[in-house]
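Right, one structure below, let's go through it.
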Amino acid sequence: MPDSAAPLDRNSIAALLDRLGVPPAAYRDGGLPVRSPITGAEIARVRTDDPAGLERTIAASVEAFRAWRLVPPPRRGELVRIFGEELRAAKAELGRLVSVEVGKIAQEGLGEVQEMIDICDFAVGLSRQLYGLTIATERPGHRMMETWHPVGPCGVISAFNFPVAVWSWNAAIALVCGNPVIWKPSEKTPLTALAVDALFARALKRFGDAPADLARVVVGGAELGAALVDDGRVPVISATGSTRMGRLVGPRVAQRFGRAILELGGNNAMIVAPSADLDLAVRAILFAAVGTAGQRCTSLRRLIVHESLHEDLFAKLARAYGQIRIGDPLDPATLVGPLIDARAFEAMQAALAAARQAGGAVTGGERVLADRWPQAHYVRPALVRMPSQSEIVLHETFAPILYVLRYRDLDDAIALQNAAPQGLASSIFTTDLREAEQFMSAAGSDCGIVNVNIGPSGAEIGGAFGGEKETGGGREAGSDSWKAYMRRATNTINYSRALPLAQGIHFDL
Ligand code: UN1
């Protein structure tokens, strides 16, 4: 067994968690078993929170809010700047823990922490740029403007596949906006959440006078999540996960007039047009379709190829797929690590069976390395040539399955791309300006992310991240996503000695 897989015994995990500052009591004898998908073996038992614990956490967050909302935003940014320093210092260890807990390859584990560092930098700058407008008023001697205020505790429910980065997109922004954060991580990835919590505690200590309960983690299952979602003291709920989960969260938050930021499923497509640079396209397809073992919400799942290229591109892809190194994600030569668990494996096999039924020709998709790690689930990424975009193609399966379809007219390709119920990420490979512009136009892709000559995954934090339709409509990270974490007040100030009414109304005694 290579060295890289060896440190998965409990002692090495404990040593790693110790370096990250997580106290043993949090993960030694708790009620939630945690398994590493690398071997499938149990590596910790994490302490969970009961409803009373959640109640205390929410009450403490409300208290923290009362103080934090009064701290000037650039000073709040200083806390996030220090937190970014802690993340830089712990990048190697936290990245490794991400790989251990999720099964991502080492490069991607580190990349995830880099994404956290980047959003901290962004949020620090933002803390001096929470701008409101000055608005023209129709009344003489008046001034109109808008101001942005902190809104209150923000609940973050995150998924296993980006166990720490997605929290940071929300938390870094929420904190500079003046809000505490309550985080319920996926039950599959509580260790990375505890590690981030410990790093944040270090930042808080260095900062000095911030409220202690600014960022809290609660560990538990769907019921705990539901209690957080239903609580009127938590005005914003940002939830990442399946569309099924979003269908539960969205209406519950709406019921109490809270604000939901939903990042749900994706069924992301790439169109490869006749003028495409095929070498670039193949590399982009490979990263987007098999990177993270197909477990990004931005993973490429549908490839829509012009009929003139179809055979050529498929042959190139089949060759490239043949060279993918699957195995221990901590081995630097590996490109594809394991699926998260047995259920993910079963869902993949069921999807492939359905694709065959619908006339698909499947290459790959089988389990590998089962003799070495019988409790883990490694698969060969699957390429599936489909005769048409049948039901299974329109269904998001969180696994490395790439359905390949062909098209003749670009309009048809765009229609195929938009036929998915989800609307997260999309891309086109073309060197034809007209095609690229059409794809990005109002009549083009209906997704939240629309790329040209890069794949659908691997977005930078500077843009707003999220998508339409069953993806949920939320936007996180960069651009003006911060506005969802604040409340807006429109102010009209009269500095004249008269009281003119708007709309020319006279209302005198
Ligand atoms: C996710 O899969 O939930 O764009 C987020 C990307 C990453 C984030 C993915 N920056 O692929």
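Computed from the coordinates by the stated procedures, all read-outs in this text should not be read as laboratory data. This is a predicted model, so every value here is computed, not measured. Cβ placement follows ideal geometry from the backbone for every residue including glycine, while neighbour counts extend to all protein chains displayed.
Give, in nm to one decimal, the length gained when the segment between residue 343 and residue 320 is fully stretched (0.36 nm per residue of separation minus the Cα-Cα distance). Kindly include the intermediate steps, with their values, before the conclusion.
Working: separation 23, 0.36 × 23 = 8.28 nm, distance 2.74 nm.
Between residue 343 and residue 320, full extension yields 5.5 nm more.
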Cα convex hull volume per residue for segment 70-187, in Å³, equals 115 Å³
Based on DSSP H runs of at least 4 residues, each adding -39500 (n - 2.57), what is the mean residue ellipticity at 222 nm of the chain after dividing by all its residues, to the nearest 500 deg cm²/dmol? -12000 deg cm²/dmol
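Which order do 134, 298 fall in if you start with the one that has the fewest other Cβ atoms within 10 Å?
Numbers: 134 10, 298 25.
Least crowded to most crowded, the residues run 134, 298.
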Given the chain, longest segment not containing exposed loop chymotrypsin sites (Phe, Trp or Tyr not before Pro) (DSSP; at most 14 other Cβ within 10 Å): 258-494
Could you compute how fast the chain diffuses translationally, taking Rh as the Kirkwood radius over C-alpha pairs and applying Stokes-Einstein at 10 °C with viscosity 1.306 mPa s? Give it in µm² per second. 66 µm²/s
Cα-based equivalent ellipsoid of segment 376-472: semi-axis lengths in Å, sorted from largest, via gyration tensor: 22, 18, 14
If one takes the longest principal axis of the Cα atoms in the chain, at what angle in degrees, from 0 to 90 and to the nearest 10, does the Cα axis of helix 310-322 lie? 90 degrees
State the dimensionless ratio Rg/Rh of segment 226-380 (Rg: radius of gyration of Cα atoms; Rh: Kirkwood radius). 1.06
May I ask for the distance between the Cα centers of segment 161-226 and segment 258-319, given as a whole number of Å? 32 Å
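Under the 0.36 nm per residue contour assumption, what length would be gained going from the current alpha-carbon distance of residue 283 and residue 244 to full extension? Numbers along the way, then the final one.
Values: separation 39, 0.36 × 39 = 14.04 nm, distance 3.21 nm.
The residue 283-residue 244 span can extend by a further 10.8 nm.
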Quick one: P(r) of segment 268-464 from all Cα-Cα pairs, 10 Å bins, percents rounded to integers, in order of increasing distance. 9, 38, 36, 14, 2, 0
Helix 190-207 against the longest principal axis of the chain: what's the angle in degrees, Cα atoms only, rounded to the nearest 10? 40 degrees
Filtered hits (lysines, Cα-Cα < 26 Å from residue 205, offset >= 8 within chain) -> 91, 184
Note the angle between two axes, namely the Cα long axis of helix 91-102 and the longest principal axis of the Cα atoms of the chain, as a number of degrees from 0 to 90, rounded to the nearest 10. 60 degrees
What's the extension gain from residue 138 to residue 371 if we count 0.36 nm per residue and subtract their Cα-Cα distance? 76.2 nm
For segment 322-400 and segment 453-509, what is the separation of their C-alpha centers, rounded to whole Å? 42 Å
Tell me, what is the FRET efficiency for residue 452 and residue 50 to the nearest 0.05, using R0 = 51 angstrom and their Cβ-Cβ distance as r? 0.55
Among the trypsin sites (Lys or Arg not before Pro) in segment 452-509, which ones are in a DSSP loop with at most 12 other Cβ atoms within 10 Å of the Cβ? Mind listing them? 497
Distribution output for segment 12-63: share of Cα-Cα pairs per 5 Å bin in percent, first bin at 0, values 5, 18, 18, 21, 16, 12, 7, 2, 0
